[in-house]
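A quick write-up on the structure given underneath.
The values are calculated or read from the model by the stated rules, or taken from the named source; none is laboratory data. What you are looking at is a predicted structure, and each value in this text was computed from that prediction instead of being measured. Because the Cβ atoms are built from the backbone with ideal geometry, glycine has one as well, and the counts that use them run over all protein chains shown. Areas reflect the complete protein model, heavy atoms only, side chains present, ligands, DNA and RNA absent. Shrake-Rupley method; radii C 1.70, N 1.55, O 1.52, S 1.80 Å.
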Amino acid sequence: MTLALAAGFTLAAHAASLNVGDPAPKLQTGKFVQGDPVKEFAPGKAYIVEFWATWCGPCRASIPHLNETYTKFKDKGLIVIGQDCWEQDESKVAPFIKTMGSKMTYRVALDDKDGSEKGKMAETWMEAAGRNGIPSAFLIDTTGHVAWIGHPMELKEQTIDEVLAGKYDLQSAAAEHAKQQAEEEKEQAEAKKAQADMQPYALKLQTAMKEKDWDSALGALDDLKKVAPQRMADQLTRIRFKVLISKKDDTAAFELLGQLGEAHKDEPLMQNDLAWMIVSDKSIKHPDLVLAQKMAQRATDGAKEPAQKGMFLDTLARVKFMQGSKEDAIALEQKALALAGDDLKDQLQHTLDSYKKGELPSAQ
């Protein structure tokens, strides 16, 4: 737990050498597993080079959106390359594409690892641009220059339109990107200092928890709270909750978790996460199911899309089953199954079958 706390502040320290406005690096892809190979950027064409991997959940979520972008603009001169990178097992790429079917119809290439352990594209694009996470996308304009860098879900269609029409203000975009880079470098410096300030207290917390000295653990958390950046507050609260549960001070633990829930009552994902923690953590011997139901219901009511609502209904169903309302749990799980994406249907069907047998399935 404390190791994860410290690891959260490990950020890239090197400045980016590839920025918006620069000529795009040459393509050093490996085998194209879908679509015609692209060896160089053709004048008059715009390109999106998106870095992804089969093991990356956020990549899976963004692929259909990227495919919609490709479908909309491909006849206007946009070429999309899904550049696989940091892949743990490249043999999984082709089957993954087949599974995605009509949701992933653009070109897909492996990275060239001949003489490069990380991959040549990963090095000359991702590492050069200071990009530490995937998915990451690069928009290349019709003159072969980097027009935009960021998360593919954040790329606006207006930007693509302007690039294709030759009306994109590359100079202004480069200046804005440079400003963002400077802000990120400042944040990294602040995070590095925070990591150094937190380290002794994180170690104290780790030792106390290992020794099950819960009072000392709470004291270490008090010290951490004084030096940690504000964005760590929720994480520290979750750790404090775990310590209080371990101390068997359930009243204080659930009061604290309730306060965290109230502070984020309009955030469905947070509500579902907290509710799921209550009903899935085996270390919690006496879960507050009233609080869990309140949070799970908030999550369900605030769901933004059907698949998300299905996931939240699954949590609410588990709460109901643990409360002894078997029929309500079955009905909710059936609704969850109907709304779920293909990647969750087998899991939710197993859960539904367990409820029908009167059994609480293991939490996944």
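Structure values in brief
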read-out	value
Which listed residue is more than 25 Å from Ala233 (Cα to Cα) and open to solvent by 60 Å² or more (accessible area, probe 1.4 Å), from Lys265, Lys285, Lys294	Lys285
Tabulated pairs, segment 28-51, first surrounded by fewer than 13 Cβ atoms within 10 Å (Cβ to Cβ), second in a strand (DSSP E or B) and of a type in the set (A, V, I, L, M, F, W, C), C-beta under 8 angstrom, 6+ apart or interchain	Pro37/Ala109
All helices (runs of 4 or more DSSP H) inside segment 187-273 with 1 or more residues being closer than 30 Å to Ala303 by Cβ	233-246, 250-263
Condition check for Leu221: over 30 Å from Ala42 (Cβ atoms) and open to solvent by less than 20 Å² (accessible area, probe 1.4 Å)	yes
Checking Glu184 against (1) surrounded by fewer than 17 Cβ atoms within 10 Å (Cβ to Cβ); (2) at pLDDT 95 or above, the condition it does not meet	(2)
Qualifying residues in segment 316-349 (those that are under 22 Å from Leu289 (Cβ atoms), out of contact with any Ser or Thr (no Cβ under 8 Å at 6 or more places or on another chain) and touching a residue at least 40 places away in the same chain (Cβ under 8 Å)) - the one most open to solvent (accessible area, probe 1.4 Å)	Met322
Qualifying residue in segment 168-175 (condition: open to solvent by 30 Å² or more (accessible area, probe 1.4 Å) and touching a residue at least 60 places away in the same chain (Cβ under 8 Å))	yes
Helices (runs of 4 or more DSSP H) fully within segment 285-364 counting 3 or more residues that are within 30 Å of Gly101 (Cα to Cα)	306-322, 326-339, 342-356
